[in-house]
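Everything on this sheet refers to the single structure shown next.
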Amino acid sequence: MNDNVDDQIQRNLISANHILHFTSVLDAYGHISARHPVDAMTYLMSANMAPALVSNASDLVQYRVNDSIAVDSDAPKGYIERYIHGEMYKRYPDIACVIHSHSEDVLPYAIAGVPLRAVYHMAGFLGPDPVPLYDVVNSYNATEPHDLLIRTPKLGEDLAKTFLTTANASANPPVLLPDYNVVLMRRHGFTTAAIDIQTAVFQAIFTQSNAKAQTTATLLRGAFGGLSGDEATAWTGGTGNGGTGAFEPLTAQQAQDCEVSIGATSDRPWGLWLKEVENDSLYTNNV
Ligand SMILES: [Zn+2]
């Protein structure tokens, strides 16, 4: 195994494609990219192919951050939605990995008008606020296709801005990192970004787990009807809402502390996920 910087980023990016497929964050669609560790004004992502089947260095294409055009003019055809990635790297210099997913567990929160919240300790990175929602229809001009895809730099730029609070949207100089780690895309999916591949993969997988837990808890609450009286007080210790109505998401302090504590253990799941895909014959990593 060669450990030069190019091989390392390519190997990790290919494995991340496999992990995201193995965990159902990606299916035949969706994608992950990584900023080039040496040439920071470029990024790497697979050519237009299913993530599970990415296996060789030649499957990866290097794009310019500035316009998401391939550095090599003979590169194979790329994903239509690569502007999601290029515009995140352009706006946030410290972001080094972007993942875009149509996860079926997260999708209902991009459709139903129900806010996605951090509801358990593994999802502190979602923060205390509802996950922001980007609606591409507000960005369209009259002549471009209204297919909900991010197929131009302008649409990618508008999505990237949604990762900021209003206060930071016009900050000068621009902020290096987004305020939000995840943004929902209405009737489409979600995008997450981080400072490295491992963190972004973690966020994508646990955004999905959090959505699943929130959905199940919501259905359970609806079916059961919630506690009342002394039972409700006993359930929450009198500090929260054990009765009817919405349950509480993590508080700001809980979200912050969970993100720090769980973030310190991020090597553990990555090692497991790598082993899982290495032992599954569907996936090949030749780098
Ligand atoms: Zn998409």
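The values are calculated or read from the model by the stated rules, or taken from the named source; none is laboratory data. A quick note: this is a predicted structure, and the numbers were derived from the prediction, not measured. Note: ideal-geometry Cβ built from the backbone for every residue, glycine included; neighbour counts use all protein chains shown. Areas reflect the complete protein model, heavy atoms only, side chains present, ligands, DNA and RNA absent. Shrake-Rupley method; radii C 1.70, N 1.55, O 1.52, S 1.80 Å.
What ratio of Cα Rg to 2.2 N^0.38 Å holds for segment 85-221?
Dividing the Cα radius of gyration by 2.2 N^0.38 Å gives 1.03.
How compact is the chain by the rule of thumb for globular proteins, expressed as Cα Rg over 2.2 N^0.38 Å?
Cα Rg divided by the expected 2.2 N^0.38 Å: 1.04.
Need one number: nm distance between label points at T165 and D74, each 7 Å from Cα along Cα→Cβ, rounded to one decimal.
Between T165 and D74, the label points sit 5.1 nm apart.
Separation between the E278 and N138 pseudo-spin-labels, each 7 Å from Cα along Cα→Cβ, expressed in nm?
4.5 nm
Take the alpha carbon gyration tensor of segment 136-177, find the square roots of its eigenvalues, order them as a ≥ b ≥ c, and report rounded if a/c is under 1.5; if not, report prolate when a/b exceeds b/c, else oblate.
Prolate shape, in that a/c is at least 1.5 and a/b is the bigger ratio.
Using a 1.4 Å probe on the protein heavy atoms, what percent of the accessible area of segment 5-278 belongs to carbon and sulfur?
56 percent
What residue among F125, V61, L274 has its Cα farthest toward the positive end of the dipole of the chain, where the charges are +1 on Lys, Arg and -1 on Asp, Glu, each on the Cβ?
F125
Lysine pairs, Cα distance under 25 Å, 8 or more residues apart or cross-chain: how many in the chain?
5
Classify segment 107-167 from the C-alpha gyration tensor, please: rounded if a/c falls under 1.5, else prolate or oblate depending on whether a/b exceeds b/c.
prolate
Add -39500 (n - 2.57) for each DSSP H run of 4 or more in the chain, then divide by its residues: what number comes out at 222 nm, to the nearest 500 deg cm²/dmol?
-11000 deg cm²/dmol
For the chain, which DSSP H helices look membrane-span-like by this rule: Cα extent along the axis of 30 Å or more and mean Kyte-Doolittle of at least 0.0?
Counting only whole DSSP H runs, the qualifying helices are 197-224.
Which length gain, in nm to one decimal place, applies between A264 and R187 when the Cα-Cα distance is subtracted from 0.36 nm times their residue separation?
Full extension from A264 to R187 adds 24.4 nm.
R221 to Q253: FRET efficiency via 1/(1 + (r/R0)^6), r the Cβ-Cβ distance, R0 22 Å, to the nearest 0.05?
Efficiency computed from Cβ-Cβ geometry: 0.40.
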